[in-house]
Each structure stands twice: as C-alpha cells, then as structure tokens.
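So the structure is just underneath, and the comments pick up after that.
The values are calculated or read from the model by the stated rules, or taken from the named source; none is laboratory data. Model, not experiment: these values are computed from the prediction. Cβ sites come from the backbone with ideal geometry, for glycine too, and all protein chains shown count toward neighbours. The area values use the complete protein model at the heavy-atom level, side chains included, leaving out ligands, DNA and RNA. Shrake-Rupley method; radii C 1.70, N 1.55, O 1.52, S 1.80 Å.
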Amino acid sequence: MSIKITLKRMLVAATALAAMALTLPASAHADTQIVRLQGGGIRFLDAHEIAEKDFQVVTRPFQGFDTTQQWRINNLGGGIATIQQVSSGRFLDAHEIPELDFRVVTRPQQDNDTQRWRIQDFGGGFLTIQQVSSGLFLEATLDGDFNVVNRQPGSDQQTWRVGDP
C-alpha cells in the first residue's frame with residue numbers, strides 16, 4: 001500500500017516539476033551560467049558603467065560580491081556564447097579599429113558577431129575567449145589602467161580562469 005502511495009506522490013511531483021519547467025523564462029535555461037573571469041594575474045574582469053568611460057572593460061582586484069565582476073555566459077551552441085555583465089545587463093563587445101586600440105567595452109544587446117565569442121576550454125577552469133567578428137582574443141593588459149583589449153593570438157594574458165561568482 002505504501003509503495004502505491006509513494007509512486008503516486010512521485011508522479012504528482014514529477015508532473016508539478018514539468019509544469020514549472022514550462023513556465024520558466026527563456027533566459028533561465030541550462031546553457032546559461034554566471035561566472036567570475038580572472039585574468040591578468042589576480043585581477044578580475046569588470047567594466048565601467050558610465051558613458052564617459054565608454055563602458056570600457058578593465059580588470060580590477062577582487063571586489064567581493066559586487067556584481068560588476070559577475071558575467072552571464074549564454075551558450076549559443078558550437079562553442080559560441082554571448083557574455084553579459086550581470087550588474088548592467090550589457091554585453092561584451094569590442095571596437096574593431098586600431099584607432100580605438102581594439103578596446104573591449106560593454107554595449108546593449110545587438111545580436112551580431114561583435115557580441116559573439118568563441119570559448120576554447122582547456123580544462124581545469126582555464127579558457128580563451130575569441131571575438132567571432134574579428135577573430136581577435138580577449139586580453140588583459142598588465143599596465144596603465146588595466147584595459148582589456150582584443151589582440152592576435154599568442155599572449156599569456158589571453159588565458160582566463162573561470163571562477164564561481
């Protein structure tokens with residue numbers, strides 16, 4: 001008798017879970033994760049959140065649980081993703097001209113290849129991030145104002161470590 005009741009409860013619970021899954025927003029799917037990206041030594045990917053700084057992406061020391069250093073990686077399939085700053089909702093993008101030093105910035109969603117990134121996972125939490133449109137790699141600079149730029153492959157500063165938010 002108790003087995004029948006347990007099975008019935010499991011069926012009811014499974015049905016309820018399935019119904020809940022159907023009502024989840026599209027943005028809350030399994031191919032999205034929130035991470036912290038460490039590059040340039042012990043610094044973390046971050047971004048200015050004001051127009052005067054062109055919403056430029058930089059690396060900064062650990063800021064505690066400040067969401068400016070939390071990034072939502074939205075897997076689009078085939079190793080391609082968008083990378084969205086949690087605090088601002090803006091997407092990782094980059095200038096594609098030398099006059100602007102190929103600076104990495106955040107922009108509102110544009111749904112184009114300047115905001116799509118090819119992520120090469122090397123295991124152990126280490127990866128590279130390559131802009132689909134330009135083919136350049138996300139690179140942390142170690143001097144000046146610690147800008148993040150896009151560069152040709154080959155620098156040690158193009159390896160990023162993924163951590164928990």
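Computed quantities for the displayed model
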read-out	value
Nearest-0.05 FRET efficiency for residue 52 and residue 118, computed from C-beta distance (R0 35 Å)	0.65
Accessible area per residue, Å², the stretch 28-165 with all protein chains present, probe 1.4 Å	49
Calculated P(r) tail over 23 Å for the stretch 78-159, as whole % of Cα pairs	16
Label-point separation, residue 80 to residue 42 (7 Å along Cα→Cβ), nm	3.9
Modelled label reach - residue 161, point 7 Å along Cα→Cβ, the stretch 120-137 residues with backbone N closer than 19 Å	120-129
Cα→Cβ-extended label distance, 7 Å offset, between residue 107 and residue 152, nm	2.4
Cut-off 14 Å between beta-carbons: net charge of the residues surrounding residue 89, Lys and Arg +1, Asp and Glu -1	+1
